[in-house]
Amino acid sequence: MTDDDELCLCFHVTRRKVLNFLRVEQPQRASQLSECFGAGTGCGWCRPYLEQLFRQAQAGDSNEPALPAAREYARLRTRYVQQGGGTPPPGATPINDGCPEDNEPCA
């Protein structure tokens with residue numbers, strides 16, 4: 001996942017926005033990341049990743065977090081929602097069938 005990929009697919013919040021929020025605002029709790037354009041308040045898929053970034057920021061860890069590539073991240077989020085994990089709000093990144101867009105076979 002690059003800095004310009006969306007971390008919160010419900011509210012289109014990029015990884016860059018979250019990292020900048022952590023650096024500038026220095027939240028005291030992971031839940032305060034919701035103040036970053038609503039991150040984590042939609043379907044809930046991104047919350048574990050937001051918490052991971054928060055913990056790393058609190059620890060002063062500048063290592064690259066273990067986040068999946070953007071396509072895989074979106075595919076896993078689709079599966080999460082389809083299995084009843086959460087409901088994206090209107091206007092969220094669409095939920096597809098979990099298959100890649102460019103005619104690659106589904107796994």
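The values are calculated or read from the model by the stated rules, or taken from the named source; none is laboratory data. Only a predicted model underlies this, so the values are computations on that prediction, with no experimental measurement involved. We place every Cβ from the backbone using ideal geometry, glycine too, and count neighbours over all the protein chains shown.
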Requested in this report: Could you figure out which of (1) out of contact with any strand residue (DSSP E or B) (no Cβ under 8 Å at 6 or more places or on another chain); (2) part of a strand (DSSP E or B) isn't true of residue 7?
Outcome: (1)
Query raised in the report: Which pairs do you get when a residue that is within 12 Å of residue 9 (Cβ to Cβ), found in region 68-85, comes within reach of a residue that is aromatic (Phe, Trp, Tyr), reach meaning Cβ atoms under 9 angstrom, with the pair 6+ apart or on two chains?
Result: 73/45; 73/49; 76/45; 77/45; 80/45; 81/45
Report task. Tell me, please, whether a residue that is more than 13 Å from the chain's Cα centre (by Cα) and either at pLDDT 95 or above or more than 17 Å from residue 3 (Cα to Cα) (or both) can be found in region 70-78. Result -> no
Requested in this report: Would you tally the residues in region 42-73 being surrounded by fewer than 16 Cβ atoms within 10 Å (Cβ to Cβ), touching an Asp or Glu at 6+ places or on another chain (Cβ under 9 Å) and not charged (D, E, K, R)?
Outcome: 1
Report task. Go through the residues of region 55-65 one by one and say whether even a single one is without any contact (Cβ under 8 Å) to a residue 60 or more places away in the chain, closer than 16 Å to residue 92 by Cα and of a type outside the set (Gly, Ala, Ser). Result -> no
Report summary line: For region 24-41, the count of residues that are touching a strand residue (DSSP E or B) at 6+ places or on another chain (Cβ under 7 Å) and crowded, with 19+ Cβ neighbours inside 10 Å equals 3
Query - Qualifying residues in region 1-23 (those that are among the hydrophobic types (A, V, I, L, M, F, W, C) and farther than 16 Å from residue 57 by Cβ) - the one surrounded by the most Cβ atoms within 10 Å (Cβ to Cβ) - result: 8
Report summary line: Here the residues within region 20-33 that are in a helix (DSSP H, G or I) and over 12 Å from the mean Cα position of the chain (by Cα) are 20, 21, 22, 23, 24, 25, 30, 31, 32
